[in-house]
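For reference, the structure discussed in these notes is given below.
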Amino acid sequence: MLRLLLALVLSTSVGYAGVAAADADNKATKKADKQQALFKKLDANNDGKISLDEFRKVVDFHPKLKEKATALNKRFSKLDTNADGFLSQEEFNAARTKTP
Ligand SMILES: [Ca+2]
Ligand SMILES: [Ca+2]
């Protein structure tokens, strides 16, 4: 909190506040873009949602998860907040923002 305040004070005093804010915005946008790109990669049949089978392909991008099939299944059901068996882009994005 103190560091944040300090950074804020420093950035305003040198007039970089606007730049810093724009930069943060940019980062958020980039993260969202990345999310969307990953979502599209996983959505093999392009129906705009990710099935459990498609979700398992996440190990292609995160090989560390390969040994954790059960964890993946659990994660999928956790992310599937409306429990329709698919992850929408929204559900997918929500998950990623919670775990940076
Ligand atoms: Ca799909
Ligand atoms: Ca869902």
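For Lys49, list the aspartates and glutamates whose Cα falls under 15 Å from its own Cα; do not include residues on the same chain fewer than 8 positions away. Result set, ordered by chain and number: Asp80, Asp84, Glu90, Glu91. Extending 7 Å from Cα along the Cβ direction at Ala71 and again at Lys57 yields two label points whose distance is 2.2 nm.
For Asp80, no residue 5 or more places off, or on another chain, has a built amide H under 5 Å of its own.
Multiplying the residue separation of Lys41 and Ala24 by 0.36 nm and subtracting their alpha-carbon distance yields 3.6 nm.
With the charge dipole of region 15-79 set up from +1 on Lys and Arg Cβ and -1 on Asp and Glu Cβ about the Cα centre, the Cα lying farthest toward the positive end among the listed residues Ala69, Val58, Phe39 is that of Ala69.
Laboratory data are not the source of any read-out in this text; all were calculated from the coordinates shown. A quick note: this is a predicted structure, and the numbers were derived from the prediction, not measured. We place every Cβ from the backbone using ideal geometry, glycine too, and count neighbours over all the protein chains shown.
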